[in-house]
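Worksheet for the structure shown next.
The values are calculated or read from the model by the stated rules, or taken from the named source; none is laboratory data. Predicted model only: the values in this text are computed from it and were never measured. Ideal geometry is used to build each Cβ from the backbone, glycine not excepted, and the neighbour counts take in all protein chains shown.
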Amino acid sequence: MTIKITRLCTLLMFVLFYSACKRTPENINRTGIIPQPVSMEFGEGAFVIDEDTKILYPDAFAPVAGFLSEYIGSRVNAEMERIDEEDSDAIIFRQDQSLEKEEAYTLKVTPKNIEISASSPKGAFYAVQSLRQLMPVLSNNAISEEGEMGIPAVDIQDEPRFGYRGQMLDVVRHFFPVEFVKQYIDLMAMLKINTFHWHLTDDQGWRIEIKKYPELTRVGAYRDSTLIGLYGEEPQQWDKKRYGGFYTQEEVKEIVKYAQDRYITVIPEIEMPGHAEAALASYPELGCTGGPYQVQGTWGIHKNIFCTKEETFSFLEGVLDEVAELFPGTYIHIGGDEAPKDHWEQCEVCQALIRSKGLVDESELQSYFVQRIEKYLNGKGKQIIGWDEILEGGLAPNATVMSWRGTKGAVEAAKQHHNVIMTPTSYCYLDYYQYQSDQDDRNVLAIGGYVPLSKVYSFDPIPEELTAEQKKYVLGPQANVWTEYMETTDKVEYMVYPRAIAMAEVGWTAKENKDYESFLYRLQPLIEHLEAMGVNHGYKPEEVEKEKQTVAAIGE
Ligand code: ACM
Ligand code: ZN
């Protein structure tokens, strides 16, 4: 009798045990994630997400839990039930103020639960992004056939090295649809990049609707013809096709909201005083010469820049009023790069202003221009960022410098106790060639240069010359994507990935945790994710292997 009961109990326990444990799916990603966390250890077994998985979260994390539920729902075709007490087979979010940094998080996956802790929704969001990368690769719209997904048991503690992790997109030289911009932002989010720098105005087009100045988009958003082939080539070839487009304010709001939902701040760039010919073509009275001006179809630097007359300032203030309303973030980028002073030298109004303000030269006049705009924007609670040329003639008191011509500008600005963002061309310009073989291929034209994946990866955003005190002014790195030679979204994707993935690790991962071989190993599943999402990435493992040797030979 006793033996029978014991045997029955054993059998019962056996049945209970096995009905509680789910079969583990075979397709488990144990390769790792990008960017590499502070610490990450895989454990035994896996958690299985399926139609029975529940979710528990504090109200403060509702948007993040919603993001995850929606993402999981689209993959296992099930809605997760919200519970209000801890239970097994659940994804559990906890708000934990002991994690001091708002972007820090912990993620613990066991066969029983997924536990996410963070002090803020932003940290919790990054835990979710890590989780996304640990999920099996499924095409964007596909539902897992078994209606389940295995997540490897893992223990992650994580926080970023830099508070600013940026990625820029130039939508002027070529214009891209709202849906593409959203996907670009979504991939940034997956890589824990938190700032989208949106280059909206330039010589070749004005791409943001400004209600007060309708000519900007009626005239300034379109050019008559575009240069095809290489910039320096003679004779130049033109396509003779009208080209352009712009984002309505409704579309801008939609993109800003989409980014906000992914904890990404959008920084709009409105170029001044140079790179302004599309604005001048729309309102010729704002130039020194009166024109004629045209929306440019060729690249490079153009001499037609804003005149420093009062009308220009009231125009720019009107533009910035609307821009400041549309973008809730603190920063507005005012450009400031590549402004030839030829017309200012010849202009009565500009010269009179130099005299009346006691300025030494046209560089100081540009500095006066930028400082005046800064003051206006500071008055609206905004801060300015400018390319490193804004150092010339004296820095505006509160400006952040985006260092692109090497790191000299960053060093100078940090020494003056100004914040800096690091985008030196030789590491951060993703419009430069990524493969030597592409330089001989007419089908993959690029603007020039050579910034292979390993070079991007090797970037240390902190210039060596800085003292410990000065280093604090380095906010973080940014990858820049200028699109003169990116006519299509496919070409953008080809140029951007995988190099932006390397830059994501530069911005997030502690220096001592960076390892290029490990990065390449972890890149594989991420590339598979991109492929499943239909992203036309440019990853060619054999070229990357070859380039390691050429980079070693070239050195810095
Ligand atoms: C720049 O590349 N002109 C900032
Ligand atoms: Zn002038």
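Going by the conditions given, is D186 part of a helix (DSSP H, G or I), touching a residue at least 40 places away in the same chain (Cβ under 8 Å) and charged (D, E, K, R)?
Details: part of a helix (DSSP H, G or I): yes; touching a residue at least 40 places away in the same chain (Cβ under 8 Å): yes; charged (D, E, K, R): yes.
It is true that D186 is part of a helix (DSSP H, G or I), touching a residue at least 40 places away in the same chain (Cβ under 8 Å) and charged (D, E, K, R).
For region 456-499, how many residues are part of a loop (DSSP other than H, G, I, E, B), touching a Lys or Arg at 6+ places or on another chain (Cβ under 8 Å) and within 16 Å of ligand 1 (Cβ to nearest atom)?
5
Can you tell which of I49, I72 is at pLDDT below 95, hydrophobic (A, V, I, L, M, F, W, C) and within 27 Å of the chain's Cα centre (by Cα)? Don't jump to the end; show me each part of the working.
Numbers: I49 fails: within 27 Å of the chain's Cα centre (by Cα).
Selected residue: I72, the only one of I49, I72 that is at pLDDT below 95, hydrophobic (A, V, I, L, M, F, W, C) and within 27 Å of the chain's Cα centre (by Cα).
Of the residues that sit in region 374-422 and are more than 21 Å from M503 (Cβ to Cβ) and among the charged types (D, E, K, R), which one is farthest from ligand 2 (Cβ to nearest atom)?
K415
Please work out if G449 is at pLDDT below 95 and within 16 Å of ligand 1 (Cβ to nearest atom).
On the way: at pLDDT below 95: yes; within 16 Å of ligand 1 (Cβ to nearest atom): yes.
It is true that G449 is at pLDDT below 95 and within 16 Å of ligand 1 (Cβ to nearest atom).
I'd like to check something: does region 339-359 contain any residue that is within 17 Å of E389 (Cα to Cα), touching a His at 6+ places or on another chain (Cβ under 7 Å) and either in contact (Cβ under 8 Å) with a residue 12 or more places away in the chain or within 16 Å of ligand 1 (Cβ to nearest atom) (or both)?
Narrowing region 339-359 to residues within 17 Å of E389 (Cα to Cα): 339-342, 344.
Remaining after also requiring touching a His at 6+ places or on another chain (Cβ under 7 Å): none.
No, that holds for no residue.
When you go through (1) crowded, with 16+ Cβ neighbours inside 10 Å; (2) farther than 25 Å from M188 by Cβ one by one for E493, which number turns out not to apply?
With respect to (1) crowded, with 16+ Cβ neighbours inside 10 Å; (2) farther than 25 Å from M188 by Cβ, E493 is out only on (2).
Restricting to region 190-201, and then to whatever is under 15 Å from I332 (Cα atoms) and not polar (S, T, N, Q), can you tell me which residue is surrounded by the fewest Cβ atoms within 10 Å (Cβ to Cβ)? Walk me through it before giving the result.
First pass over region 190-201, keeping only residues under 15 Å from I332 (Cα atoms): 195-201.
So of that shortlist, the ones also not polar (S, T, N, Q) come out as 196-200.
Working: F196: 26, H197: 25, W198: 24, H199: 24, L200: 22.
Per the stated criteria, the residue is L200.
Could you grab me the full set of residues in region 422-456 that are of a type outside the set (F, W, Y), surrounded by 17 or more Cβ atoms within 10 Å (Cβ to Cβ) and touching a Ser or Thr at 6+ places or on another chain (Cβ under 8 Å)?
M422, T423, P424, D431, V451, P452, K455
L365: surrounded by 17 or more Cβ atoms within 10 Å (Cβ to Cβ) and more than 13 Å from ligand 2 (Cβ to nearest atom), yes or no? Talk me through it step by step, then tell me what you get.
Numbers: surrounded by 17 or more Cβ atoms within 10 Å (Cβ to Cβ): yes; more than 13 Å from ligand 2 (Cβ to nearest atom): no.
Against the criterion (surrounded by 17 or more Cβ atoms within 10 Å (Cβ to Cβ) and more than 13 Å from ligand 2 (Cβ to nearest atom)), L365 does not qualify.
Tell me, which residue of region 283-307 that is surrounded by fewer than 23 Cβ atoms within 10 Å (Cβ to Cβ) and of a type in the set (G, A, S) is farthest from ligand 1 (Cβ to nearest atom)?
If we take residues in region 283-307 being surrounded by fewer than 23 Cβ atoms within 10 Å (Cβ to Cβ) and of a type in the set (G, A, S), then G290 is farthest from ligand 1 (Cβ to nearest atom).
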